[in-house]
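Asks: The structure's right below; bear with me while I get my questions together.
The values are calculated or read from the model by the stated rules, or taken from the named source; none is laboratory data. Note that the coordinates shown come from a computational prediction; the quantities given were computed from them, not determined experimentally. A quick note on method: Cβ atoms are made from the backbone with ideal geometry, for glycine too, and the neighbour counts reach across all protein chains shown.
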């Protein structure tokens, strides 16, 4: 585990998520709301002169700079969230031509080079309980897509989606999908066990 997320940060962030849940019991913090909670948690535990900077919204770069560490923040909180398998619905957007596997992977690698760590907040629904997870996703693991063999997938006319299983040795570690309709790079079936579980807790959702 990296030293970027110390114990006091995790305790503070968990408390802020709890405050959010007390106000919005059925809506876990997503997107910019989670980004704000993470930024606030760092500001509460760090020394006054520590550099903590959020980037402009919707920019294709890291979401938060803490000292010299570039952090990308992701959320997965829908009711279909799996306790053991991670889905990143938009790792990045790669809509420019040429639409070839080589070019798409190159753009994904360029995007991954813009940050050092990925922190994902997950909510797994088993009502009346929600299982929360804070997971650190290794950037180097995602970079293994460079070695994948891509094939056209789906029945869409025009620009075809491209997909591939990604292996580490003989182990399939995730599936990567470049969507021909919206240009998004998606990651599916990434095992939580191949990532770093920073914190996990349960919360009761009142009916």
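Asks: Say whether the condition of being crowded, with 19+ Cβ neighbours inside 10 Å and touching a helix residue (DSSP H, G or I) at 6+ places or on another chain (Cβ under 7 Å) is met by at least one residue in segment 94-101.
Replies: yes
Asks: Would you tally the residues in segment 19-49 being under 20 Å from residue 118 (Cα atoms) and not in a helix (DSSP H, G or I)?
Replies: Total meeting the criteria: 4.
Asks: Same structure again: In segment 169-190, which residue that is outside any strand (DSSP E or B) and touching a strand residue (DSSP E or B) at 6+ places or on another chain (Cβ under 7 Å) is surrounded by the most Cβ atoms within 10 Å (Cβ to Cβ)? First the steps, then the outcome.
Replies: Within segment 169-190, the subset outside any strand (DSSP E or B) is 169-170, 179-183.
Remaining after also requiring touching a strand residue (DSSP E or B) at 6+ places or on another chain (Cβ under 7 Å): 179-180, 183.
Working: 179: 21, 180: 19, 183: 17.
Checking each candidate, the answer is 179.
Asks: Let me ask something else about it. Out of the residues in segment 27-59 that are in contact with a strand residue (DSSP E or B) (Cβ under 9 Å, 6 or more places away or on another chain) and exposed (fewer than 12 other Cβ atoms within 10 Å of the Cβ), which is modelled with the highest pLDDT?
Replies: So, considering only residues that are in contact with a strand residue (DSSP E or B) (Cβ under 9 Å, 6 or more places away or on another chain) and exposed (fewer than 12 other Cβ atoms within 10 Å of the Cβ), the one modelled with the highest pLDDT is 53.
Asks: Let me ask something else about it. Report every pair of residues separated by at least 6 positions or lying on different chains whose Cβ atoms are under 6 Å apart, first residue within segment 5-29 and free of Cβ contacts under 8 Å to residues at least 24 places away in the same chain, second surrounded by 12 or more Cβ atoms within 10 Å (Cβ to Cβ).
Replies: Between residues of segment 5-29 that are free of Cβ contacts under 8 Å to residues at least 24 places away in the same chain and residues that are surrounded by 12 or more Cβ atoms within 10 Å (Cβ to Cβ), the close pairs are 20/29.
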